[in-house]
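Here's the structure, in structure tokens; my notes come after.
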Amino acid sequence: MHHMTLAEIARGLADKKLSSVELTQTLLARIAQLDPQINSFISLTQDLALSQAKAADERRANGESGALLGAPIAHKDLFCTQGIRTSCGSKMLDNFKAPYDATVVAKLAAAGAVTLGKTNMDEFAMGSANESSWYGAVKNPWNLEHVPGGSSGGSAAAVAARLLPAATATDTGGSIRQPAAFTNLTGLKPTYGRVSRWGMIAYASSLDQGGPLARTAEDCAILLQGMAGFDPNDSTSIDEPVPDYSAGLNGSLQGLRIGVPKEYFSAGLDPRIAELIHNSIKELEKLGAVIKEISLPNMQHAIPAYYVIAPAEASSNLSRFDGVRFGYRCENPENLEDLYKRSRGEGFGSEVQRRIMVGAYALSAGYYDAYYLKAQKIRRLVKNDFMSAFNEVDIILGPTTPNPAWKLGAKSSDPVAAYLEDVYTITANLAGLPGLSMPAGFVDGLPVGVQLLAPYFQEGRLLNVAHQYQLNTDWHTRTPTGF
């Protein structure tokens, strides 16, 4: 049962070959047995899950249907869930129980999805390895000595280990796509504004975007259908019709113009990954796609721009965690200043503190123009590069990451080395574009992903290409040994 995809579960429930309660009990038992190896969950919600599963079975018995009705999922632990701990992987919010559901949580619950728990993550979504969580590092099911990617590493590891078929995640600079690549999953970052951020605890508000992590493009289409849509509670939500993503999966790729940026194949890319990417290109050519070399000349400036903008927004967003209204409070503060300093110093981990300091510096008087304003100008240049490219091609293809997953702790003492691993993913966030990573092979037994980017609100195009690719390859069907 645990090997079933979301689509297979939907068909099984519809045909009454299994019940949601039966499936939920099986997966909860599997999580209890196997998750201690990978540490992918922060909180389990057994009672809620079983009550939702029972309700879903009753709804189906009364004639209701729906791809998510009775389907088990989990939420990254920065989506607020009413009455359940929402920690953001931080000591700062270890005792925080949200008084309301995030829009994404509410929409999926209304569709009948069953919430098994909240998944582990880098603290406040800051990281590329899922090692900064206050609840301990998450391990990659493909090799327990390696990282699963971050910040959505808990969601990725849980799905890869077949603890559940799909999970919600968020992507600020690659935090859906990079873990997907490292764990042999399909992960989609939608267009900025496609999925509501209301109730999603912010890291960098102009970059954050929720999306699905699953084993197949078909499953991502199902989960995105339940997540997407306009939300009046979110001022950045865009009132754009949501297409039927599943209905668009079977379109032909004949004549599809795929752009391959020459900047992607620089000295920083592992040559073995480059070979797998070229193999993926050949596979898509067989399906009728037309390949064209393009250029994204400002890509080289994306990382420094991102690591000014994101920390600047983080320093502003995280100022609310001061030990006064909610969250962690230090013991016996001497005065208000001591309360602020010790609550924040003890509640935030080192990576979060580092980014707050960088952001506060970039926004400070005398440095705003030199750093933050200049980074925003680079952001516009990056967006313009994409707009020019999409005048010539329909999608852009390249590697998701320059290297496969590294060993736990290998980059802990050199944060800049970890930042450089985001080189291919952060441009989509800076421009607000949709991006997808799908399995493309293995290097030394570790998964590798290929990334697809599309124009605004063309998530369906990405899912169509990925689905057709997966109908003709079997990388996404591989399972890590022991799971």
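The values are calculated or read from the model by the stated rules, or taken from the named source; none is laboratory data. Note that this is a predicted model, so its numbers are computed, not measured. Note that we place each Cβ from the backbone using ideal geometry, even for glycine, and neighbour counts take in every protein chain shown. All accessible areas refer to the heavy atoms of the entire protein, side chains included, with ligands and DNA or RNA removed. Shrake-Rupley method; radii C 1.70, N 1.55, O 1.52, S 1.80 Å.
Quick check: anything in segment 14-21 in contact with a Pro (Cβ under 9 Å, 6 or more places away or on another chain) and over 22 Å from PRO141 (Cβ atoms)?
Applying the first criterion (in contact with a Pro (Cβ under 9 Å, 6 or more places away or on another chain)) to segment 14-21 yields 20.
Going one step further and asking which of them are over 22 Å from PRO141 (Cβ atoms), we end up with 20.
Yes, the conditions are met somewhere in segment 14-21.
Hey, among LEU433, LEU381, which residue is modelled with pLDDT of 95 or more and touching a strand residue (DSSP E or B) at 6+ places or on another chain (Cβ under 8 Å)? Before you say what the answer is, go through the steps one by one.
Values: LEU381 fails: touching a strand residue (DSSP E or B) at 6+ places or on another chain (Cβ under 8 Å).
Of the residues listed, the single one that is modelled with pLDDT of 95 or more and touching a strand residue (DSSP E or B) at 6+ places or on another chain (Cβ under 8 Å) is LEU433.
If I filter segment 293-306 for residues that are on the phi > 0 side of the Ramachandran plot and in contact with a Leu (Cβ under 7 Å, 6 or more places away or on another chain), do I get at least one hit?
no
Residue check: is GLY70 on the phi > 0 side of the Ramachandran plot, touching a strand residue (DSSP E or B) at 6+ places or on another chain (Cβ under 8 Å), surrounded by 18 or more Cβ atoms within 10 Å (Cβ to Cβ) and not hydrophobic (A, V, I, L, M, F, W, C)?
On the way: on the phi > 0 side of the Ramachandran plot: yes; touching a strand residue (DSSP E or B) at 6+ places or on another chain (Cβ under 8 Å): yes; surrounded by 18 or more Cβ atoms within 10 Å (Cβ to Cβ): yes; not hydrophobic (A, V, I, L, M, F, W, C): yes.
Judged against the criteria, GLY70 is a match.
For segment 85-97, how many residues meet the condition of being open to solvent by 10 Å² or more (accessible area, probe 1.4 Å) and within 21 Å of the chain's Cα centre (by Cα)?
Narrowing segment 85-97 to residues open to solvent by 10 Å² or more (accessible area, probe 1.4 Å): 85, 91, 94-97.
Among the residues that remain, those that are also within 21 Å of the chain's Cα centre (by Cα) are: 85.
The number of residues fulfilling the criteria is 1.
Conditions: (1) open to solvent by 70 Å² or more (accessible area, probe 1.4 Å); (2) touching an Asp or Glu at 6+ places or on another chain (Cβ under 9 Å); (3) within 19 Å of ALA111 (Cβ to Cβ); (4) not in a loop (DSSP other than H, G, I, E, B). PHE230 meets all but one. Number of the miss?
Condition not satisfied by PHE230: (4).
What is the number of the single condition among (1) hydrophobic (A, V, I, L, M, F, W, C); (2) open to solvent by 30 Å² or more (accessible area, probe 1.4 Å); (3) farther than 26 Å from GLY150 by Cα that ALA410 does not meet?
ALA410 satisfies every listed condition except (3).
Is segment 376-384 home to any residue that is of a type outside the set (Ser, Thr, Tyr), surrounded by 15 or more Cβ atoms within 10 Å (Cβ to Cβ) and free of Cβ contacts under 8 Å to residues at least 60 places away in the same chain?
For segment 376-384, residues of a type outside the set (Ser, Thr, Tyr), surrounded by 15 or more Cβ atoms within 10 Å (Cβ to Cβ) and free of Cβ contacts under 8 Å to residues at least 60 places away in the same chain: present.
Could you look through segment 114-139, keep only residues that are in a loop (DSSP other than H, G, I, E, B) and charged (D, E, K, R), and pick out the one that is nearest to the chain's Cα centre (by Cα)? I'd like the intermediate steps shown before the answer.
The first filter runs over segment 114-139 and keeps only residues in a loop (DSSP other than H, G, I, E, B), leaving 120-122, 126-139.
When the remaining residues are screened for being charged (D, E, K, R), the result is 122, 131, 139.
Numbers: ASP122: 12, GLU131: 16, LYS139: 16 Å.
By that ranking, first place goes to ASP122.
Go through ALA362, ALA418, ALA410, ALA370 for me and flag whichever is hydrophobic (A, V, I, L, M, F, W, C) and over 30 Å from TYR328 (Cβ atoms).
Working: ALA362 fails: over 30 Å from TYR328 (Cβ atoms); ALA418 fails: over 30 Å from TYR328 (Cβ atoms); ALA410 fails: over 30 Å from TYR328 (Cβ atoms).
Step by step, each of ALA362, ALA418, ALA410, ALA370 is checked, and only ALA370 is hydrophobic (A, V, I, L, M, F, W, C) and over 30 Å from TYR328 (Cβ atoms).
Got at least one residue in segment 336-349 being surrounded by 15 or more Cβ atoms within 10 Å (Cβ to Cβ) and within 23 Å of LYS139 (Cα to Cα)?
Within segment 336-349 (the criterion being surrounded by 15 or more Cβ atoms within 10 Å (Cβ to Cβ) and within 23 Å of LYS139 (Cα to Cα)), the answer is yes, since at least one residue qualifies.
Go through (1) of a type in the set (A, V, I, L, M, F, W, C); (2) over 22 Å from GLN451 (Cα atoms); (3) in a helix (DSSP H, G or I) for LEU164 and report which single condition fails.
Answer for LEU164: the failing condition is (3).
Just checking, which of LEU188, LEU207, LEU144 is open to solvent by 10 Å² or more (accessible area, probe 1.4 Å) and either on the phi > 0 side of the Ramachandran plot or in contact (Cβ under 8 Å) with a residue 60 or more places away in the chain (or both)?
Working: LEU188 fails: open to solvent by 10 Å² or more (accessible area, probe 1.4 Å); LEU207 fails: open to solvent by 10 Å² or more (accessible area, probe 1.4 Å).
That would be LEU144, the only listed residue that is open to solvent by 10 Å² or more (accessible area, probe 1.4 Å) and either on the phi > 0 side of the Ramachandran plot or in contact (Cβ under 8 Å) with a residue 60 or more places away in the chain (or both).
Those residues that are open to solvent by 10 Å² or more (accessible area, probe 1.4 Å) and not hydrophobic (A, V, I, L, M, F, W, C), I need them from segment 98-114; list them, please.
Scanning segment 98-114 gives PRO99, TYR100, ASP101, THR103, LYS107.
Considering PRO404, PRO415, which residue is under 30 Å from GLU145 (Cα atoms) and either open to solvent by 50 Å² or more (accessible area, probe 1.4 Å) or modelled with pLDDT of 95 or more (or both)?
Details: PRO415 fails: either open to solvent by 50 Å² or more (accessible area, probe 1.4 Å) or modelled with pLDDT of 95 or more (or both).
Step by step, each of PRO404, PRO415 is checked, and only PRO404 is under 30 Å from GLU145 (Cα atoms) and either open to solvent by 50 Å² or more (accessible area, probe 1.4 Å) or modelled with pLDDT of 95 or more (or both).
Just the residues that are open to solvent by less than 10 Å² (accessible area, probe 1.4 Å), touching a Gly at 6+ places or on another chain (Cβ under 6 Å) and on the phi > 0 side of the Ramachandran plot, please, taken from segment 118-141.
Listed by number, the list holds a single entry, ASN130.
Tell me the residue from LYS54, LYS107 that is in contact (Cβ under 8 Å) with a residue 24 or more places away in the chain and more than 29 Å from ASN130 (Cα to Cα), please. Before you say what the answer is, go through the steps one by one.
Details: LYS107 fails: more than 29 Å from ASN130 (Cα to Cα).
Being in contact (Cβ under 8 Å) with a residue 24 or more places away in the chain and more than 29 Å from ASN130 (Cα to Cα) holds for just one of LYS54, LYS107, which is LYS54.
Filter segment 243-268 for residues that are within 22 Å of the chain's Cα centre (by Cα) and in contact (Cβ under 8 Å) with a residue 24 or more places away in the chain; which is farthest from ARG461 (Cα to Cα)?
Only one residue tops the list, namely TYR264.
State which residue is nearest to GLY117 (Cα to Cα) when the search covers only segment 140-161 and only residues that are over 11 Å from the mean Cα position of the chain (by Cα) and part of a loop (DSSP other than H, G, I, E, B). Before you say what the answer is, go through the steps one by one.
So the first thing to find is which residues in segment 140-161 are over 11 Å from the mean Cα position of the chain (by Cα), and the list is 140-148, 157-161.
Subsequent filtering for residues that are part of a loop (DSSP other than H, G, I, E, B) retains 141-142, 144-145, 147-148, 161.
Values: PRO141: 19, TRP142: 22, LEU144: 22, GLU145: 24, VAL147: 21, PRO148: 19, ALA161: 15 Å.
The selected residue is ALA161.
Select from segment 248-303 the residues that are of a type in the set (Val, Ile, Thr) and not in a helix (DSSP H, G or I) and write down the one among them that is farthest from THR172 (Cα to Cα). Reasoning before the result, please.
First, the residues of segment 248-303 that are of a type in the set (Val, Ile, Thr): 258, 260, 273, 277, 281, 290-291, 294, 303.
With the extra rule that they be not in a helix (DSSP H, G or I), the set shrinks to 258, 260, 290-291, 294.
Values: ILE258: 25, VAL260: 23, VAL290: 31, ILE291: 29, ILE294: 25 Å.
So the residue we want is VAL290.
So, in segment 350-365, of the ones that are more than 18 Å from ALA305 (Cα to Cα) and free of Cβ contacts under 8 Å to residues at least 24 places away in the same chain, which residue ends up surrounded by the fewest Cβ atoms within 10 Å (Cβ to Cβ)?
Restricting to residues being more than 18 Å from ALA305 (Cα to Cα) and free of Cβ contacts under 8 Å to residues at least 24 places away in the same chain, the top hit is ALA365.
Among the residues of segment 31-64, count how many are among the basic types (Lys, Arg) and in contact with a helix residue (DSSP H, G or I) (Cβ under 9 Å, 6 or more places away or on another chain).
2
Of the residues that make up segment 418-432, is at least one surrounded by 20 or more Cβ atoms within 10 Å (Cβ to Cβ), out of contact with any Leu (no Cβ under 8 Å at 6 or more places or on another chain) and among the charged types (D, E, K, R)?
Within segment 418-432, one or more residues are surrounded by 20 or more Cβ atoms within 10 Å (Cβ to Cβ), out of contact with any Leu (no Cβ under 8 Å at 6 or more places or on another chain) and among the charged types (D, E, K, R).
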